[in-house]
Structure formats: C-alpha cells, structure tokens
1. Starting from residues that are surrounded by fewer than 24 Cβ atoms within 10 Å (Cβ to Cβ), of a type in the set (Ser, Thr, Tyr) and over 10 Å from the mean Cα position of the chain (by Cα), keep the ones in the range 197-225 and report whichever is farthest from residue 160 (Cα to Cα).
2. Of everything in the range 306-342 that's part of a strand (DSSP E or B) and at pLDDT below 80, which residue is farthest from residue 399 (Cα to Cα)?
3. Which residues, taken from the range 31-79, are modelled with pLDDT under 85 and either closer than 16 Å to residue 117 by Cα or charged (D, E, K, R) (or both)?
4. Taking the options 113, 158, 175, name whichever one is more than 30 Å from residue 30 (Cβ to Cβ) and of a type outside the set (A, V, I, L, M).
5. Quick check: anything in the range 131-151 within 23 Å of residue 88 (Cα to Cα), charged (D, E, K, R) and touching a helix residue (DSSP H, G or I) at 6+ places or on another chain (Cβ under 8 Å)?
6. Quick one: count up the residues across the range 170-229 that are in a loop (DSSP other than H, G, I, E, B) and aliphatic (A, V, I, L, M).
7. So, residue 369, is that one modelled with pLDDT under 80, among the acidic types (Asp, Glu) and over 22 Å from residue 159 (Cβ atoms) or not?
8. Within 28 Å of residue 176 (Cβ to Cβ) and touching a Phe, Trp or Tyr at 6+ places or on another chain (Cβ under 9 Å) - does that describe any residue in the range 97-113?
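The values are calculated or read from the model by the stated rules, or taken from the named source; none is laboratory data. Since we're looking at a predicted model, the values are computed, not measured. Here the Cβ positions follow ideal geometry from the backbone for every residue, glycine too, while neighbour counts run over all protein chains shown. These area figures cover heavy atoms from the full protein model, side chains too; ligands, DNA and RNA do not enter into them. Shrake-Rupley method; radii C 1.70, N 1.55, O 1.52, S 1.80 Å.
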Amino acid sequence: MLKRIIPIVLIITITMVTATSALDEAPLAPVGKVKANLRGGKFISLEDTLALEINTGAIVKGDKLWLLTRSPENGSGHASYTRAGALVVTSNSHEPPMGRVKSAGHEMDGEVYLDFTIPEAQQLNPFLPFLQSLADNLVVNHPSGPVKVAVVDVVNQYGERTAGGDHLAESLRRYVCGRPQFSCANPADIAVGLSQNKVSTSSWLGDHGAMLMLKTLNATALISGHARMETGMIDLALQAVFISDGEAPGRMWRRFTFTPAELGVTPEDFEKVTATNHPVPAGALKICVKETAILEGAKAEFIEYAPVDRFSGRRIPAIADFYASLDGEPLRIDFANGCFFDGVIASGEHEIKFGFRASGDMGGFVEKDFKTTISAGETEQIHLMGGMQNGVAVIAADIDRQRTPLTNQPVRQAPKDAKEN
C-alpha cells in the first residue's frame, strides 16, 4: 500500500508547483504609458519625474505603478512586457497624471508602459473617488511612511451599526489599506478609543472626541460613513475627519448610490442592528476670551500671577496671545467670536489649561490649569481674562453654570445638494 501512495503524493506536488509557476508567468497587460520625461533626454532613470498617459479615474495619489518595457513580438504575433522598475503617482486627482521613478533596474529608453501593482479589483474598487479625495488631502510627495487612518464604522440614520454597514466598513478598510500610501489602525484599538469616549459608534463622537481618538491611535484621519436604503438603493456618505493646519479639524466627504448587489449585501442586512448607540450623558461647554481693561475686582474662580519682568511689554494682551487646551488637546481660537470651544461634551471631569504670552517676548508667559466637572444637561461657560496689573501679569477664569435641556443628535449628514470635496 505504501508503495502505491508515494507516487501519487509526488504527482500532486509536481502538479501544484507547475500550476503556480504558470500563474507567476501570466502575461503582463499595460494600463497606460509614459508620455514624457520632464528631465528631458531619451533615458528614464531613478527619481525622474514623468508625465503619464493613463485614466486619472483609475489612480490615486501615492499609488505605485510598474514600469514595463516591451519586447519584440514573438511568433504568435503578440508583444510581451517585462517589469523594469516602478513609480509613485505624485499628482492629485484633478491634475494631469504625474509620477516619480522610485526603482529602476537600469535606464530605460524607447516606449515605457504602466501596470497596476495591486489586483485590478482592488485598484478599481467602488469607493475609488473617496480614496482619491482622501489622498489629495493627506498624501505628500516625500512621505516618511504610509498615512495611518482609522476606519471606524458605517452607521444608519439613527446612528446604529448594522450588518450591512459592518460589511461596507470592512470592505472600505480592505480597499483603503490595500494601497501602499495608507495603513490602518487596529479595529480592537478603535473599539477601545470609542469606549474611552463613552460612545459605541462614530455618530456621537464629535470633533473633540475625534481629535482625542486620533491622538490615542497615533493616526491622521478618522473615516466613518452613513448608509441607508432608499427605494431599493443604498445611499452611502463616507466622511474623513483629519488633523489640519487650519482653525478646525479638516473634513472631506463623498456620496455614493449603489445597488445592494454591487456591494455584496441585501436590504435585509441593513435591518439587522449590531450596535445601538445609546445616548451619552452630556453637557455643553463654552471657552471664550473675555476682554476687560480692569481685572481688579473682576469675578473669577481661578487666578494665576507672574512677574512682569518675565514679559517684554506691559500691556493688555491681544486675543491672539491667549492659548488653551482641553483634556490635553490644544484648542484653536475662533477669532470671529474669541472662543476656543463651543459645543457638546461628555459629562464628567475635564482638564483645562489656559494662559497668554506677550507678543515679541522671549519665553515670558503666565498660565493656569484646573479641572472642572460637567454634569449632564448642564451648560458651562468659561470666560478667560488676562493682562498686566499692579506690577504683575494676571490671568483669570470665571465660570458660569446653568441647567439647559440638551438633545443629543447623531452627526448631521451632508445634504444631498451640498458640494463634495
């Protein structure tokens, strides 16, 4: 019996190796070509910037593409192609396609062609326009590594997760992180981040919670979505909130309409709730600068002093000289109303730090940190004041509290006629 089994095993092994070798040697098929080398000259070499001839709807900034050279036609009348190097797409989706050569086995002359480095189904996925906008906002042309993002969830109009939304979120995570310019936060770490913010889905997170999660996850963007069935079609809005240099977190979104079959789900999947987003006890918080010429006698709960010799000038500070943070996260001031924060926040204890620096000073500042407790249904207004008085620099915070009925709402969806970006 043993002598009969051994030859069969050998035949199976040889067959598998042969099949794998045939797969590896599948013919390469170009999807575009190099239009011009901006450096000029006949040859293409490492770090050259190339103008590309390719469908811009098929590529995303940061994509890697193979560079192919063409061999003479063989006896069958078909040309064959060989991988000679690779480039990275450097152009935004609305720009003429460009790329920079990142690897090259040798200098290339003659016509050079392009091919995808990932499977075509992954490259041309249903959410490609969203990925293009995401990369336009986040990917730089000389990155130190992939951009880390967190795909949180896709919820329904009630802020709940469903089996259908979970399937879309997992597909989106696979499509985003299957590209070399992105990496994804671990879903288990995202769940911990939601729990720390006392929410179960993204719909109650808010900008402040999103920024705290990004800091915890060491990520650049949080991605979430809203999906609902309308007349047999899936209405899907995908959104990214990301770290920005502006006055507020950056935000971009894209809206799609699909048939359920296109995304591999059924209408019934969106009726199966997998996570209910229970209302979170919350209050309202407002942190603003209160301009006042005289601090002495002003009502205040927290006061801090500093010698004026730490400052280069003796004057009331400008609004731009104030700074503040909430729970360790720096806040940006809205110069229109002088406020650092104005919104709903989870109830409980929160840490606030504020201060000011005199303009033109070499390090002089005065600051104060304190903790305050927000109760559910309470509105707390913190007025920040500062200036030079009686030979010292002074900062003070006055707190007004009042009971206000609050109605928490899921994150508002972008209107259908709003402009996408």
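1. It comes out as 216.
2. Initially, the range 306-342 is screened for residues part of a strand (DSSP E or B), giving 306-307, 322-326, 329-331, 334, 339-342.
From what is left, the residues that are at pLDDT below 80 are 306-307.
On the way: 306: 22, 307: 25 Å.
Among residues in the range 306-342 that are part of a strand (DSSP E or B) and at pLDDT below 80, the one farthest from residue 399 (Cα to Cα) is 307.
3. 42, 73
4. Values: 113 fails: more than 30 Å from residue 30 (Cβ to Cβ); 175 fails: more than 30 Å from residue 30 (Cβ to Cβ).
When all the criteria are applied, what remains is 158.
5. yes
6. So the first thing to find is which residues in the range 170-229 are in a loop (DSSP other than H, G, I, E, B), and the list is 178-181, 185-186, 197-201, 205, 218-220.
Still in the running and aliphatic (A, V, I, L, M): 185, 199, 205, 219.
Adding up the residues that qualify gives 4.
7. Values: modelled with pLDDT under 80: no; among the acidic types (Asp, Glu): yes; over 22 Å from residue 159 (Cβ atoms): yes.
No; evaluated as a whole, the condition is false for this residue.
8. Taking the range 97-113 and keeping what is within 28 Å of residue 176 (Cβ to Cβ), we get 97-103, 113.
Retained after the next criterion (residues that are touching a Phe, Trp or Tyr at 6+ places or on another chain (Cβ under 9 Å)): 113.
Among the residues of the range 97-113, at least one is within 28 Å of residue 176 (Cβ to Cβ) and touching a Phe, Trp or Tyr at 6+ places or on another chain (Cβ under 9 Å), which makes the answer yes.
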